[in-house]
């Protein structure tokens, strides 16, 4: 958390909240969040007097576009942004504050402290980590069924692990992989190269449909996720399999199981997603 739908929602919210705002100064209270440059004071100095042009997304990363700079931000587990008036009390675990000329502040809060920020000249962000080796955007026009089969179909790894690998398809995390595999009726431990054309087609459409529906619902609020206005997403109410261990499957009525695949807790229905011999 957050995954593509949640980051897309934050992106859209921030475009409403901070586009056109001028940065007077930046305060960094937890320097290790700043990964590039490797000096928090230099980071703050470089951002001074720049104006926000807009916010974009690449996979699970935000790209905050400024006049002459691009800030790449990864929320990781529990990072969140919020816009406040300067006179409002600063909450605990607020690590970076962008002070705007109109008396508002964009504050980055991160209880787990896993988030990162990288600063680049425009275009350079795609040549270096963390964006350099990311795969296809699943909601982009370039992500076709043919592309999906080419990228996924030959992999010998378990399909869940393949889908979680951001070098192939970006933005899909634990929640939406479980949801898509359930919709496609595919067991998470099947090897990707064992999937037939019909199964790959079902999975492709399940990924696109699940992510699209989640974006329209504002993402899934699990644990601490809210958008930039403090609002919860609603897609968690539409989860078919994730988080439903021991509850009845929506399709067959049997109990939902949970196991570990690739180090990640995995929800599945053994009746609807049967294991097939390789």
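Every read-out reported here was derived from the displayed coordinates using simple, explicitly stated rules and does not represent laboratory data. All figures in this text were calculated on a predicted structure; none of them were measured in a lab. Methodologically, a virtual Cβ is constructed for each residue, glycine included, from the backbone with ideal geometry; neighbour enumeration extends over all protein chains shown.
For segment 4-126, give me the percentage of DSSP beta bridges that are antiparallel, rounded to the nearest 5 percent. Each step should come with its number before you reach the end.
Working: 34 of 36 bridges.
Roughly 95 percent of the beta bridges in segment 4-126 run antiparallel, per DSSP.
If each residue of separation counts as 0.36 nm, what is the full-extension length gain between residue 91 and residue 144 once their alpha-carbon separation is subtracted?
Working: separation 53, 0.36 × 53 = 19.08 nm, distance 4.38 nm.
Difference between extended and current length: 14.7 nm.
Roughly speaking, what % of Cα-Cα pairs in the chain are separated by over 32 Å, rounded to a whole number? Please report the intermediate quantities before stating the final value.
On the way: 11202 of 38503 pairs.
Of all Cα-Cα pairs in the chain, 29 percent lie more than 32 Å apart.
Between residue 126 and residue 157, residue separation times 0.36 nm minus the direct Cα-Cα distance comes to 8.4 nm.
For 275, 170, what ranking results if the residue with the fewest other Cβ atoms within 10 Å of its Cβ goes first? Numbers along the way, then the final one.
Working: 275 11, 170 22.
The most exposed by this proxy come first: 275, 170.
Against the chain, whose longest principal axis comes from its Cα atoms, helix 174-184 is set at around 30 degrees.
With the gyration tensor restricted to C-alpha atoms of segment 4-126, the semi-axes of the equivalent ellipsoid amount to 18, 17, 16 Å, longest first. Inter-part distance, segment 1-64 to segment 177-201, computed on C-alpha centroids, equals 36 Å. Against the chain, whose longest principal axis is taken from its Cα atoms, helix 4-18 shows a tilt of about 20°. Each label point was placed 7 Å from the Cα along the Cα-to-Cβ direction; for residue 48 and residue 276 their separation is 6.2 nm.
Axis angle, to the nearest 10 degrees, between helix 197-216 and the longest C-alpha principal axis of the chain: 40 degrees.
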